[in-house]
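These notes are about the structure you will find just below.
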Ligand SMILES: C[S@@+](CC[C@H](N)C(=O)[O-])C[C@H]1O[C@@H](n2cnc3c(N)ncnc32)[C@H](O)[C@@H]1O
């Protein structure tokens, strides 16, 4: 093949510069300061591994002809037996053959970055930035070669493709990857694989390439932020103990200032089915004095007032941002107070105390219950509303999942009733309310949580046990999950 090529281009001699370890029908020769990339057309099973054949590579090179550090294309020829592109030879050694200090590496990467930016500007994405393809000369000039994986695209897409690449696997994806790794290891251990001399040093991209060839579907996923590079077992150990990383991963302290912005957009907050049950159980009467604890954006107070405008309404909360969402025209008496210490509220002052979705935030449940009891008149009513796991078998999932949302107490109906019993409330009664088809996306998007936590919680829903999915009656709709959520409303009399 090379001899025919020599005749075609009238070359006296040439030296073999590179040949693929796996694909011997693909070689690169140098003669007279020109590089000849030659492919034997009689047998090139690797053609499907490449984004471009030689003709495509040649036309891409023509598009970036003025970019310094990219080979200038001279000629393209095709015969019945072989195909060849001729390019100007660029100075330097592949980065993979060099040992470079961090300072030199910094210069090399900076120069490479400039080449990639220039390519991106022309809408060209190289797609194969590996040390073998980066040439570094003694004067530190840098060149990028081998454009057979290059593609034409838009500027922004090219930027993303040049600079980012990361793998995201579901639990099942990891199993598939492990199985394929073990399969390949059996055959290639100690032998060359892809671009590596031995399988043990193979590029993970070559493993993916092989898997794609086998028909294993791989998809693009967008990772918006928050990742850690784990290349080695040491990196993995570090990731496990890097508390800063783990803390970033699990941010749980609820930031009510942040949550206040989105709170009223939460579907469950506005659901009449739940609010009307709280209102019905509360049964407010004319001229009664009502206190709503952890009133937030005032949803419960508003619903109660609609039912009975002639009562006197008070609300307390620890977050001014949440209280600021309540229109002054409602005429509620609002103040900043923690449920564990209702300082300034007189003993036996209220006919009714309500608390919806607040008690799971209590730092001290006993003190919170003591305070409710203290401020209620004898014969006064306490209405407590809380969310529950859908059944006992889902408690572990519920607790694990909420670990990524906030520090919270998990209540089953029994736990709530026991709070009332311990506090010596009488005539305890309860109702269960199910909110059907609640959107997981709506909940997470309006939770004020960091993206990473949202991502983890979402994934936990997709990966959870079938029994949990059934308990929540999960329906998978496009990118969302519709679920049935369980709430308890408990009433007790002082
Ligand atoms: C999930 S929201 C519920 C708001 C309202 N009750 C509702 O049903 O729409 C929880 C509210 O409890 C408040 N909160 C959290 N911890 C509290 C505490 N220790 N004392 C009083 N309020 C608290 C938060 O600021 C927030 O407004």
Self-check item: residue 319 being within 21 Å of residue 405 (Cβ to Cβ) and exposed (fewer than 13 other Cβ atoms within 10 Å of the Cβ)
Solution: no
Quiz item: Looking at segment 368-419, which of its residues are assigned to a loop (DSSP other than H, G, I, E, B) and touching a helix residue (DSSP H, G or I) at 6+ places or on another chain (Cβ under 6 Å)?
Solution: 389, 390, 391, 404, 408, 409, 410
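Let's see how each residue does on (1) modelled with pLDDT of 95 or more; (2) under 25 Å from the mean Cα position of the chain (by Cα); (3) not assigned by TED's automatic domain parsing to the domain that holds residue 282:
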residue: 426; (1), (2), (3): yes, no, no
residue: 438; (1), (2), (3): yes, yes, no
residue: 478; (1), (2), (3): no, yes, no
residue: 483; (1), (2), (3): yes, yes, no
Exercise. Pick out the one residue from 315, 298 that is under 18 Å from residue 260 (Cα atoms), touching a helix residue (DSSP H, G or I) at 6+ places or on another chain (Cβ under 6 Å) and in the same structural domain as residue 268 (by TED's automatic domain parsing).
Key: 315
Quiz item: Got a sec? Which of 381, 337 is touching a strand residue (DSSP E or B) at 6+ places or on another chain (Cβ under 6 Å) and within 12 Å of the ligand (Cβ to nearest atom)?
Solution: 337
Quiz prompt | Residue check for residue 406: closer than 23 Å to residue 258 by Cβ, in the same structural domain as residue 263 (by TED's automatic domain parsing) and buried (at least 16 other Cβ atoms within 10 Å of the Cβ) | solution = yes
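The values are calculated or read from the model by the stated rules, or taken from the named source; none is laboratory data. All figures in this text were calculated on a predicted structure; none of them were measured in a lab. No Cβ is skipped: glycine too gets one built from the backbone with ideal geometry, and neighbour counts run over all protein chains shown.
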